[in-house]
Amino acid sequence: MEFLSAKETAQEWGISLRRVQKLCEQNRIHGVQRLGKIWLIPKEANRPSDMRYTVSKDQERNGKA
C-alpha cells in the first residue's frame with residue numbers, strides 16, 4: 001500500500017494542509033495512520049465530503065446535485 005503525506009494530499013485535493021490534518025485527527029479519512037508526527041494517508045483514499053454543506057462541491061461539479 002502506498003501512502004502520501006498530509007502536504008501531498010492537500011495539494012492533490014486542493015485544500016489546505018491544516019484541513020487535511022483536522023480530517024486525519026477526526027478519523028474522517030479511511031485508512032489514515034500516524035507515524036510519530038507525520039500523517040500517512042493511503043494513496044487510494046477518497047476526500048471526505050464537507051459536512052458544512054448538504055450538497056458537496058464534488059457532486060455539484062459532477063452534475064449530481
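Observations
- Residue 49 satisfies every condition listed in (1) modelled with pLDDT of 95 or more; (2) within 13 Å of the chain's Cα centre (by Cα); (3) of a type outside the set (Val, Ile, Thr) except (1).
- Those residues of region 24-39 which are open to solvent by less than 50 Å² (accessible area, probe 1.4 Å) and in contact with a helix residue (DSSP H, G or I) (Cβ under 9 Å, 6 or more places away or on another chain), in sequence order: 24, 29, 32, 39
- When the residues of region 1-14 are filtered to those that are assigned to a loop (DSSP other than H, G, I, E, B) and touching a residue at least 12 places away in the same chain (Cβ under 8 Å), the one that is surrounded by the most Cβ atoms within 10 Å (Cβ to Cβ) is 5.
- Exactly one residue among 41, 29 is part of a loop (DSSP other than H, G, I, E, B), within 9 Å of the chain's Cα centre (by Cα) and at pLDDT 95 or above, and that residue is 29.
- Screening residue 63 against (1) outside any loop (DSSP other than H, G, I, E, B); (2) among the small types (Gly, Ala, Ser); (3) at pLDDT below 95 leaves a single unmet condition, (1).
The values are calculated or read from the model by the stated rules, or taken from the named source; none is laboratory data. The shown structure was predicted, so the numbers you read here are calculated from the model rather than taken from an experiment. Cβ: placed from backbone, ideal geometry, glycine included. Neighbour counts: every protein chain shown. These accessible areas exclude ligands, DNA and RNA; they are computed on the full protein's heavy atoms, side chains included. Shrake-Rupley method; radii C 1.70, N 1.55, O 1.52, S 1.80 Å.
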